[in-house]
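Take a look at the structure below.
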Amino acid sequence: TTSSSFEEKAGLATQGLYHLFSQLYKAPRGIIGVNLLSPATHTPLGYGIAAILEHIKLSHRAEKKRGLELLLLLQQTVCHGTIATPEGLIGADILKKFYPGIMSGVSKILLGSLDKEGSPVLTSALKTWQHSILSVLPDS
C-alpha cells in the first residue's frame, strides 16, 4: 500500500505539472522567459527533469506515457519561451545543459519499451527524443 500511495501521489504531481506547463505554454513569450527561464530557475529545472525521468523509469505503462508527455511539454514550453536578452538568447540553450541526461533517460526508456511497454509508451518516448534532438540543433 505504501508503494501504491507513492504512485498515486506521483501521478497527481505529474498531472499537476502537466496542467501548469500547459498553461505556461499558452502564455506570452515574455512571461515564460522572465518567470521560467531566469538563471535562478536553471537548477530547479534540472532537478525537475531528473525527477520526471526517475518517475518515468519507476512507473507503470500509463504513468510512463504521462511522464514522457510531461517531459515533452516541459521542453516545448522552454523552447516556446525563448527570448532575446542583452546577454543572449534564453530558452532552448537551457535545455542544452540537460541534453545528456534527457537523452540518456529517454534512450533507456526507448530500449526498455521495445518489447515490454507497448506502442503508446514507445510513441511518447520517440516524440520526446525527437524534440530533444531538434531543440539543440542550430536553426540554419
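When a 1.4 Å probe is rolled over the protein heavy atoms, the share of accessible surface on the range 43-136 that falls to carbon and sulfur comes to 63 percent. Annotation: per residue accessible area for the range 43-136 equals 50 Å², rounded to a whole number [probe 1.4 Å, protein chains only]. Solvent-accessible area of Phe98, all protein chains in place: 40 Å² (probe radius 1.4 Å, heavy atoms, ligands and nucleic acids excluded).
Projecting label points 7 angstrom from Cα along Cα→Cβ for Ser5 and Tyr99 puts them 4.3 nm apart. Considering every alpha-carbon pair of the range 43-136, the percent of pairs per 10 Å bin, from zero through the bin containing the longest distance, is 17, 51, 24, 7, 1.
The value of relative contact order for the range 43-136, using C-alpha pairs under 8 Å at least six residues apart, is 34 percent.
The values are calculated or read from the model by the stated rules, or taken from the named source; none is laboratory data. Since this is a predicted model, take the numbers as computed values, not measurements. All Cβ positions, glycine included, derive from the backbone under ideal geometry; neighbour counts span all protein chains shown. For accessibility, only protein heavy atoms count, side chains too; no ligands or nucleic acids. Shrake-Rupley method; radii C 1.70, N 1.55, O 1.52, S 1.80 Å.
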